[in-house]
Structure formats: structure tokens, C-alpha cells
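The values are calculated or read from the model by the stated rules, or taken from the named source; none is laboratory data. Computed from a predicted model, the values in this text were never measured in an experiment. Note that we place each Cβ from the backbone using ideal geometry, even for glycine, and neighbour counts take in every protein chain shown.
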Amino acid sequence: MIGLTRRFAACFQDARNSAFVEHDVATLVGQRIVGIALGYEDLIDHDQLRHDPVLAVLAGKLEARRSDCAPLAGKSTLNRLELGQPEPSRYAKISAETTAIERLFVELFLDAHVEPPKQIILDLDATDDPLHGHQEGRFFHGYYDCYCYLPLYVFCGRHLLLARQRRANVAGCDGAVEEMARIVAQIRQRWPRVRIILRADSGFSNDELMVWCEANRVDYVFGLARNRRLEAVLVEPLAEAKHLCIASGRPARVFRDFQYRTIDSWSCTRRVVGKAEHTLDGANPRFIVTSLKRTRSAYDARALYEDLYCARGEAENRVGEQFELFADRASSATMQANQLRLWFSAMAYVLVDTLRRVGLRHGQFADAAVQTIRLKLLKLGAQVRSSVRRIHFAIASGFPNKDEFALAHIYLQRAFSSA
């Protein structure tokens, strides 16, 4: 395998007395990640799952060391793991190392490539994580109209590079410069020649982030909130788009490429592309700001907006998959515990996405969502027979996706046989 459980477990400090430890950190971490991937979001589920032979195989522990214990941990042991603080305490002696975990996400992304790509696009996105209690750091967010957290995600295609829990009383781009500096530096240690483009909505088009990009050889294309000065530039293109729309009976777009600078918030003039669109429902102007220069072969106004910027919608699909893996279950009292829960969900996503990317890439589930993969291929009934030498799993011959299941097994064996 990709060593996900082993590498994630190495990011924890275990201050327990090894003479009295029944469940080591790797088993606890593996049990929690696999449980989330299989759809078991609550720790109380593990009071039954700790006796499950399939989960025991996946967690790498088939038998208990003591006669009065189950092979896997129950809810109380897993709860102490999630409630761990940065430094071990008397009752929570397992603590997570934030820096190591954040580096691991980027390392897993880099390891997934045999050769360095020439160019990568990093998608930044902030979303809401609604809260229904009095958790530490909760604030009311006017846009989302609820008490919530405001986690920050970074993706490269389907690869997850960052899952950062944040309070909701900050801007959507809060902390983006620091996170990008860390991620870009780590990527360039391995891939010094790769071209990096940042892509995000208008919540990230602030001068601080754009100045950092311009100073560190990182290109960007961000959405730009419209205002009266910007809309004035599109008066004629919007009139042209309206004429085309009326003549054809279909939505029409006209693009305008121009230089723009805000009155006082930007430090320099930048390239802006305006989309003057008129639909059957009326005008729909949109704007983006970018550091990319127009050339003969690429980055004209239409291609920049339609082909490059609009593709960021895929990142929103990836954010949606995080909630299919219960990233919104932030019910612990402390911010630290809810951050750790977010990381468990993120690691479960990395696990399922690796299955999709490696095992399912040539079948009907190559582009399936996490929930579909779980329902069609993971939540199965099977007969389990254990002997001294092996554990035998028998799936029903009428299983409708048995060919995809078998093919995925073959591809995973080929990819990870050396491991």
C-alpha cells in the first residue's frame, strides 16, 4: 500500500507505558481511517466494530494480546486519541504533531507521481462547517447564516494537500499566504522546475496573496468581485452580448481583456478579464484577475476564463466529497480535537481516492464519487472464514459489480506488490 496508516501514525507522539499498551497508535489510526471510509462516522460504532474480522484485517491486528480485550479498540480508547492535546497529558497521552501531518499530505501527493509534471494547478477553497453546540472557536458567519468553522482546503486535481480548520470570524483567504509558502516550498524541494498556478474564487483576490505570488514565481488566476468601475468597462460588451442573445435565442458571451487597479487596496496594476454574458434571464457579468500573460498560443481572454478558471468547479466537487467522509462532524469541544477529526476524514479521502485513482481508473467507477464507491464496492455482504493460516472472504456470485471489484484487486496488487 501507500503506507498511509504507518506514515500517519508516525505523526503522533505516544507517551503511554508500552508494557500496558494493547492498541498501538498504528492500529488506532488505521481503525479510525478505515471506519470513516466505510461509513462509520461515530466512535460509538466501534464498540461493535472492534470485534469485526474484516476491520481487524484492514487495521492490521487480528488478535488481542490480552484475553479480556477485543482485537480492536472501543469508543473510549479512540475518544482519548481524538482528544489528545499538542502535549501529552495524564489522561490523553497520544498527541498529534501538526507540522508532520501537514507535510504528510504534500508528501503523499508528490509520491503519487512517477515523474515531475511540467505544471500543476493548486485550487484553494474555503467552505463552512456548521456547528450545533458551543465548540471552541465558533462564530456566526453572515454569508452562511449559521455558527460554523471555516476550513481551508487545497487540492491539485483530486489530490488533497491541505485541510486546515479555522474559526469563522476570519476572511476566506486568512492564512493562505503562510500555507502556500509552506506547500510551494515543499513541492519545489522535490520538483524545482515545476510551474505552479494558484486558482481560487474572489475571496482570495487580495493584494497580500497576489504580491506573494508575484515575488515567488507562482502564477495565479482568481475571481474578482464586481463593482461599478469594473461594470463600466463591460457596458459595450454587455450590449453586444445582449444583441447576440436576442438574435440567437441562446446565452451569449463577449470577453474584454484590460488592465485594472483598485483605488487603494492593490499595490499595482494587474491584468483583468471581464466576461460580458447575457442570458435569457438578463446580464451576468463576471471578472477574473491573473498574472498570466497573453501569448499567441495560450491565455487569451476566453480560454483563460472558460478553460482555466471555470475548471475550478472540480475543486468544489472534491470539497463535497470531504463531507461524504464526515469532515463536518466537528462535535468535540476543542478546536484541536476538531482539527484532528478533520485530518482523519482527509486521510480517509486520500485512501479512497488512491483506490479510485489506481484500482478503478479503467472501469465505470473511474470518476465515481466517494459515496458511490462506498455503496457499490465497499459496503458488501460477505462470508468470512478464519483458519490458522488464512482468512477467507467469500462474496456472493450475484454481486453486480464483481468484475470491477476483481479488476481493482488486480490493479492494486500490481501497483503495490513491492510494498
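Quick look at the values:
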quantity: Residue in the stretch 402-412 that is surrounded by 11 or more Cβ atoms within 10 Å (Cβ to Cβ), free of Cβ contacts under 8 Å to residues at least 24 places away in the same chain, in contact with a strand residue (DSSP E or B) (Cβ under 9 Å, 6 or more places away or on another chain) and not assigned by TED's automatic domain parsing to the domain that holds GLU324 present; calculated: yes
quantity: Residue match in the stretch 322-336 (condition: closer than 23 Å to ALA168 by Cβ and free of Cβ contacts under 8 Å to residues at least 40 places away in the same chain); calculated: yes
quantity: Number of the exception - ALA200 against (1) assigned by TED's automatic domain parsing to the domain that holds GLY313; (2) exposed (fewer than 15 other Cβ atoms within 10 Å of the Cβ); calculated: (2)
quantity: Candidates ALA232, ALA247, ALA241 - the one that is surrounded by 17 or more Cβ atoms within 10 Å (Cβ to Cβ), part of a helix (DSSP H, G or I) and not assigned by TED's automatic domain parsing to the domain that holds ASP111; calculated: ALA241
quantity: Residues satisfying the stated conditions in the stretch 76-88, i.e. outside any helix (DSSP H, G or I), loosely packed, with under 13 Cβ neighbours inside 10 Å and at pLDDT 80 or above; calculated: none
quantity: Lone unmet requirement of (1) in contact with a strand residue (DSSP E or B) (Cβ under 7 Å, 6 or more places away or on another chain); (2) at negative phi for GLY137; calculated: (2)
quantity: So SER248, is it touching a Gly at 6+ places or on another chain (Cβ under 7 Å) and either over 27 Å from GLU314 (Cα atoms) or of a type in the set (Ser, Thr, Tyr) (or both); calculated: no
quantity: Residues (of a type in the set (Phe, Trp, Tyr) and modelled with pLDDT of 95 or more) located in the stretch 89-110; calculated: PHE105, PHE109
quantity: Criterion violated by ILE33 - all others in (1) assigned to a loop (DSSP other than H, G, I, E, B); (2) touching a residue at least 60 places away in the same chain (Cβ under 8 Å); (3) buried (at least 17 other Cβ atoms within 10 Å of the Cβ) satisfied; calculated: (1)
quantity: Residue in the stretch 306-320 that is among the aromatic types (Phe, Trp, Tyr), without any contact (Cβ under 8 Å) to a residue 60 or more places away in the chain and surrounded by 13 or more Cβ atoms within 10 Å (Cβ to Cβ) present; calculated: no
quantity: Qualifying residues in the stretch 268-291 (those that are among the hydroxyl-bearing types (Ser, Thr, Tyr) and under 20 Å from ALA200 (Cα atoms)) - the one surrounded by the most Cβ atoms within 10 Å (Cβ to Cβ); calculated: THR290
quantity: Any hit, the stretch 157-173, residues being in the same structural domain as LEU104 (by TED's automatic domain parsing), aliphatic (A, V, I, L, M) and either within 22 Å of VAL289 (Cα to Cα) or surrounded by fewer than 16 Cβ atoms within 10 Å (Cβ to Cβ) (or both); calculated: yes
quantity: Positions within the stretch 194-246 being more than 26 Å from PRO116 (Cβ to Cβ) and among the basic types (Lys, Arg), in sequence order; calculated: ARG226, ARG228, ARG229, LYS242
quantity: Checklist (1) of a type in the set (Lys, Arg); (2) touching a strand residue (DSSP E or B) at 6+ places or on another chain (Cβ under 9 Å); (3) part of a loop (DSSP other than H, G, I, E, B) applied to ARG65, failing item; calculated: (2)
quantity: Those helices (runs of 4 or more DSSP H) lying entirely in the stretch 294-397 with at least 2 residues closer than 30 Å to ALA92 by Cα; calculated: 313-324, 335-354
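Residue-by-condition table, conditions (1) modelled with pLDDT of 90 or more; (2) closer than 22 Å to VAL384 by Cβ; (3) surrounded by 15 or more Cβ atoms within 10 Å (Cβ to Cβ):
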position: CYS11; (1), (2), (3): yes, no, yes
position: GLU22; (1), (2), (3): yes, no, yes
position: LEU28; (1), (2), (3): yes, no, yes
position: GLN48; (1), (2), (3): yes, yes, no
position: LEU62; (1), (2), (3): no, yes, no
